[in-house]
1. Near Val112, within a Cβ-to-Cβ distance under 15 Å, what is the net charge of the other residues, with Lys and Arg +1 and Asp and Glu -1?
2. Could you check the simple spin-label distance between Asn36 and Lys93, using points 7 Å along Cα→Cβ, in nm with one decimal?
3. Could you please put Thr167, Thr159 in sequence from largest to smallest accessible area, using a 1.4 Å probe?
4. Whole angstrom only: what separates the Cα centroid of region 119-136 from the Cα centroid of region 39-109?
5. For Val38, Val12, what's the largest-to-smallest order of accessible area, 1.4 Å probe?
6. Place +1 on the Cβ of every Lys and Arg and -1 on the Cβ of every Asp and Glu in region 27-178, take the dipole about the Cα centre, and give the residue among Pro121, Ala85, Gly111 whose Cα lies farthest towards its positive end.
7. I want to make sure I understand the PRE zone here: with the label point 7 angstrom from the Cα of Ile71 toward its beta carbon, which residues in region 35-65 have backbone N atoms less than 18 Å away?
8. Ranked by accessible surface with a 1.4 Å probe, highest first, in what order do Lys174, Lys2 come?
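The values are calculated or read from the model by the stated rules, or taken from the named source; none is laboratory data. Being a predicted model, the structure only gives us computed values, none of them experimental. Note: ideal-geometry Cβ built from the backbone for every residue, glycine included; neighbour counts use all protein chains shown. The area values use the complete protein model at the heavy-atom level, side chains included, leaving out ligands, DNA and RNA. Shrake-Rupley method; radii C 1.70, N 1.55, O 1.52, S 1.80 Å.
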Amino acid sequence: MKLTPYDKSDEVEIKQLFTEVFSDAEGEPEGVLIGNLVADLINTTEPDDIFGFVVTEQEQIIGSIFFTRLIFDTPVEAFILSPVAIRTNQQGKGVGQQLINYGIEQMRDMGVKLLFTYGDPNFYSKVGFRSITEEIVKAPLELTQPEGWLCQSLDGGETAPIAGKSTCVTALNKPEYW
């Protein structure tokens, strides 16, 4: 198993991975939605605002993760982890946690201070995320499941409240993802 930054030339394989994984888990419409999100993230996000990583086995991508910039009214170096996919037949083997931890370390090495995600608190707590409220940090869009708004401080400190609104990259700035 090899963990590396993604290569834009792998866009088709990465989009297919997300489409298949989310179709298997949540149905074909969700798979198509998330596959298209990944393609949009890759093609419309400025290079300094997106970082992606893949896990490969025998030259095949079996997992992928993306982090995109989250902008606040006050300056803070923050990114949001979304989305992540591990090939269905590889799930439950720790591959996802290894990939997420690898991505977190890369982001920490780049000087990122805060990481956010929107997902299952039970899963993401295993890799250091903690639930936060929108009174502490406002999400970019209305949350359909507020308990899924999660944060991780990469400098070891507590997550201090951040006043004002947050804005995500254009591709992620759609209500259907929140």
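1. Result for the local shell: -3.
2. Placing both labels 7 Å along Cα→Cβ, they lie 3.2 nm apart.
3. Most to least solvent-accessible, the answer reads Thr167, Thr159.
4. 17
5. Val12, Val38
6. Value: Pro121.
7. The answer is 41-51.
8. Most to least solvent-accessible, the answer reads Lys2, Lys174.
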